[in-house]
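S.K.: Take this structure first; my questions come after.
The values are calculated or read from the model by the stated rules, or taken from the named source; none is laboratory data. If you're wondering where the values come from, they're calculated on a predicted model, not measured in any experiment. Every residue, glycine among them, receives a Cβ derived from its backbone with ideal geometry; neighbour counts consider all protein chains shown. Surface areas here come from the heavy atoms of the whole protein model, side chains and all, with no ligands, DNA or RNA. Shrake-Rupley method; radii C 1.70, N 1.55, O 1.52, S 1.80 Å.
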Amino acid sequence: MNWDDTTDTDAAGDRLVGASADGEDQAVEAALRPKDLGEFIGQEKVREQLDLVLRAARARGATADHVLLSGAPGLGKTTLSMIIAAEMEAPIRITSGPAIQHAGDLAAILSSLQEGEVLFLDEIHRMSRPAEEMLYMAMEDFRVDVIVGKGPGATAIPLELPPFTLVGATTRAGLLPPPLRDRFGFTAHMEFYGPAELERVIHRSAGLLDVEIDTVGAAEIAGRSRGTPRIANRLLRRVRDYAQVKADGRITQEIASAALAVYEVDERGLDRLDRGVLEALLKLFGGGPVGLSTLAVAVGEERETVEEVAEPFLVREGLLARTPRGRVATPAAWVHLGLTPPRSQSSGNGQRDLFGT
Ligand SMILES: Nc1ncnc2c1ncn2[C@@H]1O[C@H](COP(=O)(O)OP(=O)(O)OP(=O)(O)O)[C@@H](O)[C@H]1O
């Protein structure tokens with residue numbers, strides 16, 4: 001599963017199926033976050049391993065080892081960091097890589113931590129190099145060297161830090177320099193959620209939001225949530241609106257699919273942008289191969305938007321392939337849009353392998 005090419009921000013604006021948090025998400029997410037490992041749905045292996053790490057640390061009366069969480073946006077990294085703090089009965093400080101541009105910013109945060117505190121560093125791969133180097137020593141020796149002055153007269157003043165647990169989160173574990181990666185005692189890779197797990201997320205959130213939903217209604221929303229709890233929760237809120245305005249407030253399969261048709265999110269979770277890219281690829285270019293720039297012009301979007309916003313999910317769903325000759329639609333793409341590939345396309349222009357002809 002490759003989510004390394006997902007963007008941290010959704011370049012196409014506030015998409016209903018975008019995985020990054022928008023303003024409304026931030027406001028309601030706090031209320032929907034599971035508070036302990038028992039409430040955290042799915043990610044069985046991660047939960048089991050983390051449970052052992054935390055229990056062992058608690059039994060020793062020690063601070064938990066540093067934890068690295070990697071995975072696509074919206075899969076629960078922030079939630080898990082808060083759970084780690086709660087399970088350790090420790091306070092938590094939340095910051096992010098882009099907020100730490102100078103080593104001094106990091107020194108200020110580290111030196112104000114309390115003993116045992118959890119420091120959650122989101123987007124750790126986006127920290128500046130000098131801050132990163134300071135972090136190596138802080139993680140290993142609970143010490144930093146604060147540089148005072150400049151040039152030949154600069155001196156390093158060592159500063160002892162209380163033991164703390166760093167929880168780093170990244171969408172791109174591959175971008176972390178090995179010396180940083182190696183300093184985490186425990187690394188957890190978060191996978192996309194399966195439909196049954198998303199249904200449980202939806203039922204749980206519906207309960208907290210006091211919305212009535214039946215099993216098939218939840219399954220309908222889960223199937224369109226792109227394996228991501230944040231998207232599941234967002235779609236649930238939009239379907240709830242529809243159910244309140246157009247019906248009696250109860251979410252059934254009919255209501256869920258009618259609501260999501262209004263928001264142009266199809267049964268597989270593709271939105272207007274995704275479908276536009278696929279449609280152009282199939283209808284204008286016979287399924288490809290076609291260059292990215294040409295495809296972007298055809299859908300009236302920036303090249304980056306097509307490449308970074310639409311394509312990762314289409315590739316993950318097995319609807320589009322990036323080949324050295326250009327973008328190519330897979331047989332599943334023709335089926336999904338209910339179109340038939342022209343005969344010449346299935347026998348001649350580079351799709352031979354995909355169509356097995
Ligand atoms: N395993 C889970 N069980 C129930 N709800 C979950 C789970 N994981 C995530 N959620 C919900 O999804 C929302 C997004 O989760 P969270 O903010 O932790 O994601 P994230 O991986 O930190 O995202 P980002 O990388 O954008 O910061 C939260 O509101 C949370 O309630």
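S.K.: Nearest 5 is fine: what % of DSSP beta bridges in segment 43-189 come out antiparallel, could you say?
M.R.: Roughly 25 percent of the DSSP beta bridges within segment 43-189 come out antiparallel.
S.K.: Shifting gears a bit: Lysines near Lys45 by alpha-carbon distance under 25 Å, same-chain residues fewer than 8 away left out - which ones?
M.R.: Those lysines meeting the cut-off are Lys35, Lys77.
S.K.: Return the long-range amide H neighbours of Thr187 (sequence gap of 5 or more, or a different chain), with a cut-off of under 5 Å between placed amide H atoms.
M.R.: So Thr187 has HN proximity to Leu68.
S.K.: Over segment 36-164, what number does the Rg to Rh ratio reach, with both radii from the alpha-carbon atoms and Rh per Kirkwood?
M.R.: Reported Rg/Rh, Kirkwood definition of Rh: 1.01.
S.K.: Same structure, new question: For segment 195-262, report the accessible area per residue in Å² (1.4 Å probe, heavy atoms, rounded to an integer).
M.R.: Here the per-residue accessible area is 42 Å².
S.K.: Note down the magnitude of the dipole of segment 195-262 about its Cα centre, charges +1 on Lys and Arg C-beta and -1 on Asp and Glu C-beta and zero elsewhere, to the nearest 20 debye.
M.R.: That gives segment 195-262 a dipole magnitude of about 360 debye.
S.K.: Just to be sure I follow the definition: excluding the sites themselves, where is the longest run in the chain that has none of the trypsin sites (Lys or Arg not before Pro) in a DSSP loop with at most 14 other Cβ atoms within 10 Å?
M.R.: Maximal segment without exposed cleavage sites: 36-149.
S.K.: How high is the relative contact order of the chain, in percent, counting Cα pairs under 8 Å that sit 6 or more residues apart?
M.R.: Across the chain, relative contact order equals 17 percent.
S.K.: Oh, and also: Sum up the charges of everything whose Cβ sits under 10 Å from the Cβ of Pro158, counting Lys and Arg as +1 and Asp and Glu as -1, but leave Pro158 out.
M.R.: -2
S.K.: Let me ask something else about it. What 222 nm value per residue comes from the helices of the chain, counting each DSSP H run with n ≥ 4 as -39,500 (n - 2.57) and dividing by all residues, nearest 500 deg cm²/dmol?
M.R.: Helix-only estimate at 222 nm: -12500 deg cm²/dmol.
S.K.: Then there is this: Considering amide H positions built from the backbone, and no H for Pro or chain starts, which residues 5 or more places from Arg327, or on another chain, come under 5 Å of its amide H?
M.R.: Result for Arg327 returns Val290, Gly291, Leu292.
S.K.: Calculate one ³J(HN,Hα) per residue across segment 171-183 by plugging θ = phi - 60° into the Karplus curve 6.51 cos²θ - 1.76 cosθ + 1.60, and present them in order as whole Hz with x for glycine and proline.
M.R.: Each residue's phi maps through the Karplus curve to give 8, 9, 4, x, 7, 6, x, x, x, 6, 4, 5, 8 Hz.
S.K.: With a probe of 1.4 Å, find how much accessible area segment 71-130 has per residue, and write the answer as a whole number in Å².
M.R.: For segment 71-130, the per-residue accessible area is 38 Å².
S.K.: Another question, if that's okay. Taking the Cα centre of segment 72-133 as the origin and placing charges on Cβ (Lys, Arg +1; Asp, Glu -1), which of His125, Ala107, Met88 is farthest toward the positive end of the dipole?
M.R.: With unit charges placed on the Cβ atoms, the residue in question is His125.
S.K.: Do you know the relative contact order of segment 272-355, to the nearest whole percent, from alpha carbon pairs under 8 angstrom that are 6+ apart?
M.R.: Here the relative contact order equals 33 percent.
S.K.: Name the residues of segment 232-246 whose amide N is less than 16 Å from a point 7 angstrom out from the Cα of Asp210 along the C-beta direction?
M.R.: 240-241, 244
S.K.: In whole percent, what relative contact order does segment 43-189 give with Cα contacts below 8 Å and a gap of six or more residues?
M.R.: It rounds to 34 percent for segment 43-189.
S.K.: Using only the Cα atoms of the chain, construct the convex hull and provide its projected area averaged over every direction, in square nanometres to one decimal.
M.R.: 21.2 nm²
S.K.: With θ set to phi - 60° and the Karplus curve 6.51 cos²θ - 1.76 cosθ + 1.60, what are the ³J(HN,Hα) couplings of segment 24-37 in order, to the nearest whole Hz, using x for Gly and Pro?
M.R.: 5, 4, 4, 5, 9, 5, 4, 6, 9, 5, x, 9, 9, 4
S.K.: Within the accessible area of the chain, what % is carbon and sulfur when the probe is 1.4 Å and the other protein chains stay in place?
M.R.: With neighbouring chains kept in place, the figure for the chain is 51 percent.
S.K.: Show the residues, 5+ positions off or on another chain, whose built amide H is closer than 5 Å to the amide H of Phe164.
M.R.: Gly116
S.K.: Give me the net charge for the shell around Ala64: Cβ to Cβ below 9 angstrom, other residues only, Lys and Arg +1, Asp and Glu -1.
M.R.: -1
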